[in-house]
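Just so you know, all these numbers are worked out from the coordinates, no wet-lab data involved. Keep in mind the model is a prediction, meaning the values are calculated, not measured. Here Cβ is always computed from backbone atoms with ideal geometry, including for glycine, and neighbour counts include all displayed protein chains.
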Amino acid sequence: MAKLIGLAFATLLLLASANPVHERFAKYKAVESYEIRPGVLMMPSYSSDGQVCEIGLEKLHYSPEIIRLDSSLSRKEIDQIFDELVPADERGQRSKDFARDLITQSGGGLTTHIDFQNVSIQIYGATADKDGSTVDEVAATLKWKNRKCS
């Protein structure tokens, strides 16, 4: 009987000591992310019914092994990742509204909009030189048109 009481007390003590770690950061929003390629994070968002409604991509800057100061993603890498995560049949046909991708510029920032039947893709970049001829793409999002993020 004494062993059973001791075991129960030890279990309670372990559970009580484990909670402060989670409580310490409880006031912050937890973020789900996956390292989809070495140094590239994919962060999904979900609709109220649990379906993925948006995917964000960006470079991982910190890890215990390395600090990355370069934040650019290659367009080829962005395209490959989105092709892997959301195949062409899920994206649907490319929109016929635009003959090419729509690019908007605000100051030193550029956003490339690519529209499909079921999803839209935005690729965010910054001009690396004064004439705007070189663009460093730093993040991308893919959003489903028929799913509202909660």
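Filter region 53-108 for residues that are part of a strand (DSSP E or B), touching a strand residue (DSSP E or B) at 6+ places or on another chain (Cβ under 8 Å) and closer than 26 Å to residue 33 by Cβ and give the result.
53, 54, 55, 56, 57, 58, 59, 73
Can you tell me how many residues within region 45-65 are within 29 Å of residue 127 (Cβ to Cβ) and surrounded by 11 or more Cβ atoms within 10 Å (Cβ to Cβ)? Walk me through how you get there before you give the answer.
From region 45-65, those within 29 Å of residue 127 (Cβ to Cβ) are 45, 54-63; that's our starting set.
Imposing the further condition that a residue be surrounded by 11 or more Cβ atoms within 10 Å (Cβ to Cβ) reduces the set to 45, 54-61, 63.
Within region 45-65, residues that are within 29 Å of residue 127 (Cβ to Cβ) and surrounded by 11 or more Cβ atoms within 10 Å (Cβ to Cβ) number 10.
Return the residue satisfying two criteria in turn: it lies in region 22-39 and is outside any loop (DSSP other than H, G, I, E, B) and not acidic (Asp, Glu), and of such residues it is nearest to the chain's Cα centre (by Cα).
In this case the residue turns out to be 34.
Would you confirm whether or not region 92-112 contains a residue that is under 20 Å from residue 55 (Cα atoms), over 17 Å from the mean Cα position of the chain (by Cα), surrounded by fewer than 12 Cβ atoms within 10 Å (Cβ to Cβ) and not aliphatic (A, V, I, L, M)?
Looking for residues that are under 20 Å from residue 55 (Cα atoms), over 17 Å from the mean Cα position of the chain (by Cα), surrounded by fewer than 12 Cβ atoms within 10 Å (Cβ to Cβ) and not aliphatic (A, V, I, L, M), one finds at least one in region 92-112, hence yes.
For residue 89, which of the numbered conditions (1) under 20 Å from the mean Cα position of the chain (by Cα); (2) more than 16 Å from residue 123 (Cβ to Cβ) fails to hold?
If we test residue 89 against (1) under 20 Å from the mean Cα position of the chain (by Cα); (2) more than 16 Å from residue 123 (Cβ to Cβ), just (1) comes out false.
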